[in-house]
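The values are calculated or read from the model by the stated rules, or taken from the named source; none is laboratory data. Note that this is a predicted model, so its numbers are computed, not measured. FYI the Cβ positions are ideal-geometry reconstructions off the backbone, even for glycines, and counts take in every protein chain you see. SASA here: full protein model, heavy atoms, side chains in, ligands and nucleic acids out. Shrake-Rupley method; radii C 1.70, N 1.55, O 1.52, S 1.80 Å.
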Amino acid sequence: MAYKISDDCVACGTCISECPSGAISEGDIYKIDPALCVDCGTCADACPMGAIAPAE
């Protein structure tokens with residue numbers, strides 16, 4: 001199951017530098033490509049806003 005970034009994202013960039021698979025792309029709200037996400041949770045742990053959680 002891939003992770004998802006919510007509207008609480010402030011585009012700080014912390015998650016991008018932590019993602020080992022390069023699944024996160026920049027934007028007003030960052031996005032995670034589910035095809036590239038390896039479900040490690042590193043991005044969620046690093047997010048200071050708590051904006052990343054497992055997709056349902």
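Annotations
- Built amide H within the under 5 Å cut-off of Ala53, gap 5+: Lys4, Ser6
- Of the whole protein surface, Thr42 contributes about 50 Å² of accessible area at a 1.4 Å probe radius.
- MRE, 222 nm, helices only [DSSP H, n ≥ 4, -39500 (n - 2.57), over the chain, to nearest 500]: -3500 deg cm²/dmol
- The phi-based Karplus calculation (6.51 cos²θ - 1.76 cosθ + 1.60; θ = phi - 60°) puts the 3J(HN,Hα) values of the range 46-52 at 7, 5, x, 9, x, 8, 10 Hz, whole numbers, x for Gly and Pro.
- Apportionment of accessible area to carbon and sulfur, the chain, percent (1.4 Å): 49 percent
- Annotation: amide H of Lys31 within the under-5 Å range of Ser25, sequence separation 5 or more or interchain, hydrogens built in the peptide plane.
- Under Karplus coefficients 6.51, -1.76 and 1.60, residue-wise ³J(HN,Hα) of the range 32-41 in Hz, glycine/proline x: 10, 7, x, 6, 9, 5, 9, 6, 8, x
- The dipole here belongs to the chain: it is taken about the Cα centre, uses +1 on the Cβ of Lys and Arg and -1 on the Cβ of Asp and Glu, and is about 80 debye.
- Cysteines in the chain lacking a second Cys C-beta under 4.7 Å: Cys9, Cys12, Cys19, Cys37, Cys40, Cys47
- The range 1-41: translational diffusion in µm²/s, Stokes-Einstein, Kirkwood Rh over Cα pairs, 4 °C, 1.567 mPa s: 127 µm²/s
- Contact order normalised by residue count of the chain, Cα under 8 Å, 6+ apart, percent: 49 percent
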